[in-house]
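Here is the structure we will look at.
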Amino acid sequence: MHQERSAGQENRDKNQVVTEELCLLLGLDPGLPLFATLNNAWKLDSEDADFVDAIHTNAGVFGKIENLGHVDFFINGGSFLPACAQHRNPTLCSHLLVTIYFSESIDTELGFWGSPCSSIWYLLVGWCSDINIPEDQKLLMGELCSQDGRGIFYLRTSDTAPYALGERNSY
Ligand SMILES: [Ca+2]
């Protein structure tokens, strides 16, 4: 049986698809050079989906040095990764390694656990610590990140694979 569909119905269907696709958005070291703007329409921000999760590994060079999602994880300070110290291009290595961390998050037993930090500037100057942070305030980064999470989180990783260090990993 053939069903006639109006153009309006098809447009509504397309909009529905877009809405469903944007319930979750993951930013893997969201890019800086071409997206340095105050206009949220031109960059990733928390209005782009019901839940926006950003993971930062090269903030300030290839990646943004700002929190822009519902949750923002800054790994190893968020700018340069110890695992890339001997790499011939440490900044590019740090930018790209975020994909490896996310892949590992899918099946790691230890998990990448972030501790909350009240501001990105506190994080950058090393004022955030996981000492006395209750476990229920920590947030698992990656594939299994809770969509109830909010705020800035930091965590450390191993310098070599596997990178996850579990819950006691911070400064
Ligand atoms: Ca946006």
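The values are calculated or read from the model by the stated rules, or taken from the named source; none is laboratory data. Since this is a predicted model, take the numbers as computed values, not measurements. FYI the Cβ positions are ideal-geometry reconstructions off the backbone, even for glycines, and counts take in every protein chain you see.
Taking interchain pairs and intrachain pairs at least six residues apart, which have beta carbon atoms under 6 angstrom, with the first residue in the stretch 34-47 and more than 22 Å from Gln147 (Cα to Cα) and at pLDDT below 80 and the second near the ligand (Cβ under 6 Å from one of its atoms) and among the basic types (Lys, Arg)? Partner pairs satisfying both residue conditions: Phe35/Lys43; Thr37/Lys43. Residues in the stretch 121-143 that are more than 14 Å from Gly77 (Cβ to Cβ) and exposed (fewer than 12 other Cβ atoms within 10 Å of the Cβ): 5 in all. Count of the stretch 68-95 residues, restricted to those that are of a type outside the set (A, V, I, L, M, F, W, C) and within 14 Å of the ligand (Cβ to nearest atom), is 2. In summary, Ser118 fulfils each of the numbered conditions (1) surrounded by fewer than 19 Cβ atoms within 10 Å (Cβ to Cβ); (2) modelled with pLDDT under 90; (3) closer than 19 Å to Ser46 by Cβ with the single exception of condition (2).
The sole residue among Arg168, Arg156 that is farther than 20 Å from Leu28 by Cα and at pLDDT below 95 is Arg168.
Within the stretch 33-67, the residues that satisfy the criterion of being of a type in the set (Asp, Glu) and either away from the ligand (no atom under 16 Å from the Cβ) or closer than 22 Å to Lys138 by Cα (or both) are Asp50, Asp53, Glu66.
With respect to being of a type in the set (A, V, I, L, M, F, W, C), surrounded by fewer than 16 Cβ atoms within 10 Å (Cβ to Cβ) and not in a loop (DSSP other than H, G, I, E, B), Ile106 fits the description. In the stretch 119-140, the residues that are under 16 Å from Ile65 (Cβ atoms) form Cβ pairs under 6 Å with partners that are at pLDDT below 85, at six or more places apart or across chains, as follows: Tyr122/Cys128. Gly149 passes every criterion in (1) more than 16 Å from Asp72 (Cβ to Cβ); (2) in a loop (DSSP other than H, G, I, E, B); (3) among the small types (Gly, Ala, Ser) apart from (1).
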